[in-house]
């Protein structure tokens, strides 16, 4: 399975931390392979904090992390957070999407192919993806 870089935005650090926990659970259930995760949030005083409980693998992080981190930091407002993930997605990522949907993530950046990127975006914005009902 190919490693993909996904950056999800959340309205709070708590939601991002819950998503990170869900990712770890989905990894244990073998729904996806979580190869790395980091959480970044902007404090009320404007400072950016980075929490990196799992080491980001060099494989996917080298190309996408710099662009994704910059993109995520530019879009974060005080109190908001971003979750950076290096994952190997199973053939059916729907279980992961269904688990994360209640946390209302926003897709900030991915290295997914365009069709998968659009499906993920549509899943989290409640709009149908092209070619799907």
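Checking each residue of region 41-64 against the condition of being modelled with pLDDT of 75 or more and under 21 Å from residue 122 (Cβ atoms) gives no match. Scanning region 10-39 for residues that are modelled with pLDDT of 90 or more, under 16 Å from residue 52 (Cα atoms) and assigned to a strand (DSSP E or B) turns up nothing. The single residue among 91, 116, 82 that is at pLDDT below 90, more than 16 Å from residue 42 (Cα to Cα) and not in a helix (DSSP H, G or I) turns out to be 91. With respect to the stated conditions, residue 129 is farther than 16 Å from residue 5 by Cβ and modelled with pLDDT under 85.
The values are calculated or read from the model by the stated rules, or taken from the named source; none is laboratory data. Remember, it's a predicted structure, so these values are computed and weren't measured experimentally. For neighbour counting, all protein chains shown are included, and Cβ atoms are generated from backbone atoms with ideal geometry for every residue, glycine included.
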